[in-house]
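Where a number appears in this text, it was derived from the coordinates with a stated rule and is not lab data. Nothing here was measured: the structure is a model prediction, and the numbers come from that model. Note: ideal-geometry Cβ built from the backbone for every residue, glycine included; neighbour counts use all protein chains shown.
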Amino acid sequence: MLGEKHLYDIVMSAAFAHVIPKVIPGYDVPAKEFWLHNIAVAVFGEKIAALLGIEDVDMVYTAGLLHDIGKLAIGSFVADSKQALAESIRTDDMTLIDAEKKLLGTDHTEVGEQVGSKWKLPVPIQYSARYHHNPDELPDASYQPLLDIIHAADGLAFQLGFGNDFGELARRIQPTTIERLGLKVQKLESVASDSLEQINEMGSLF
Ligand SMILES: [Fe+2]
Ligand SMILES: [Fe+2]
């Protein structure tokens with residue numbers, strides 16, 4: 001009755017919901033916010049792909065759901081540097097990735113890719129964890145549409161208040177992504193208004 005696709009989304013979401021701890025220590029984010037952010041990126045990603053008629057992109061929903069998986073893995077290590085992380089971003093005007101690199105020697109995208117590889121997740125999921133902040137650096141052009149979609153969906157999530165870390169005001173969708181996808185503000189607005197009900201519905205399920 002739900003349809004295979006919707007059922008798959010719910011199963012993936014339910015499986016993922018169980019690995020989220022009550023609080024992601026270093027980023028000071030309650031589980032619910034982390035959850036809603038990932039759901040928002042998954043749903044926005046699917047709507048952007050549909051709106052742009054990009055049909056041959058697989059796994060947009062799952063890639064959106066798991067793109068910040070690295071934060072789960074390093075959350076407790078970031079915890080000791082929480083104050084310093086927030087300060088670097090606010091006062092030194094650093095991006096989240098640069099601040100993580102400075103304090104930990106790595107960041108949640110590098111760790112996310114390694115988690116994906118360790119768990120033997122599909123390559124597009126690993127790439128999405130690794131390049132969602134820097135889609136221009138993707139080494140395999142065949143996944144460029146997927147990465148641009150996830151990057152745009154992540155930016156849209158922050159702009160609409162579904163953020164999950166400190167760098168919210170500094171988060172922008174990169175112009176190269178906007179250009180490659182041919183995104184217009186009106187399109188993003190229609191993605192947003194089409195998605196909010198589904199995000200809240202999924203958010204309330206778990
Ligand atoms: Fe991220
Ligand atoms: Fe994100």
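Computed from point charges on the beta carbon alone (+1 for Lys and Arg, -1 for Asp and Glu), the dipole magnitude for the chain about its Cα centre is near 300 Debye. Label separation (Leu7 vs Arg172): 4.5 nm, computed from points 7 Å beyond Cα along the C-beta direction.
If you plug the beta carbon distance of Ala17 and Lys120 into 1/(1 + (r/R0)^6) with R0 = 25 Å, you get a FRET efficiency near 0.75.
Each residue of segment 192-200 is assigned a 3J(HN,Hα), and the resulting list reads 4, 5, 6, 9, 4, 4, 5, 5, 5 Hz, derived from the Karplus form 6.51 cos²θ - 1.76 cosθ + 1.60 (θ = phi - 60°), x at Gly and Pro. One decimal place: the segment Arg90-Ala50 gains 10.8 nm when fully extended, by the rule 0.36 nm per residue minus the C-alpha distance.
Running Debye on the chain with equal point scatterers at the Cα sites and no solvent, what base-10 log of I(q)/I(0) appears at q = 0.09, 0.16 Å⁻¹? After summing over all Cα pairs, the log10 values are -0.31, -1.04.
Taking +1 at the Cβ of each Lys and Arg and -1 at the Cβ of each Asp and Glu, which of Phe34, Pro145, Asn134 sits farthest along the dipole of the chain towards its positive end, judged by Cα position relative to the Cα centre? Looking along the dipole axis, the top candidate is Phe34.
Within a Cβ distance under 14 Å of Leu183, other residues only, what is the Lys/Arg minus Asp/Glu net charge? The partial results should precede the final answer.
Values: positive: Lys47, Arg172, Arg180, Lys184, Lys187; negative: Asp148, Asp154, Glu179, Glu189.
For residues surrounding Leu183, the net value is +1.
The aspartates and glutamates whose alpha-carbon is closer than 16 Å to the alpha-carbon of Lys47, local same-chain residues fewer than 8 away aside, are Asp9, Glu55, Asp56, Asp58, Asp148, Asp154, Glu189, Asp194, Glu197, Glu201.
What does the charge count around Gln83 come to, taking other residues whose C-beta lies under 15 Å from its C-beta (Lys +1, Arg +1, Asp -1, Glu -1)? Computed value for this residue: -3.
Distance from the alpha carbon centroid of segment 52-92 to that of segment 135-192 works out to 13 angstrom.
Computed from phi, the 3J(HN,Hα) profile of segment 145-150 under the Karplus parametrisation 6.51, -1.76, 1.60 (θ = phi - 60°) reads x, 4, 5, 5, 5, 5 Hz, with x in place of Gly and Pro. The magnitude of the dipole of segment 1-98, with charges of +1 and -1 set on the Cβ of Lys/Arg and Asp/Glu and taken from the Cα centre, is near 380 debye. Amide H contacts of Val29: Ile24, each under 5 Å away and 5 or more positions distant or on a separate chain (H built 1.01 Å from N in the peptide plane; Pro and chain starts excluded). Spin-label pair Lys82-Gln186: with each label point 7 Å from Cα along the Cα-Cβ axis, the two points sit 4.5 nm from one another. Of the trypsin sites (Lys or Arg not before Pro) found in segment 104-206, the ones in coil according to DSSP and having at most 12 other Cβ atoms within 10 Å of their Cβ are Lys120, Arg172, Lys184.
Only aspartates and glutamates eight or more places from Lys118 in sequence, or on another chain, were considered; those with a Cα closer than 19 Å are Asp68, Asp107, Glu110.
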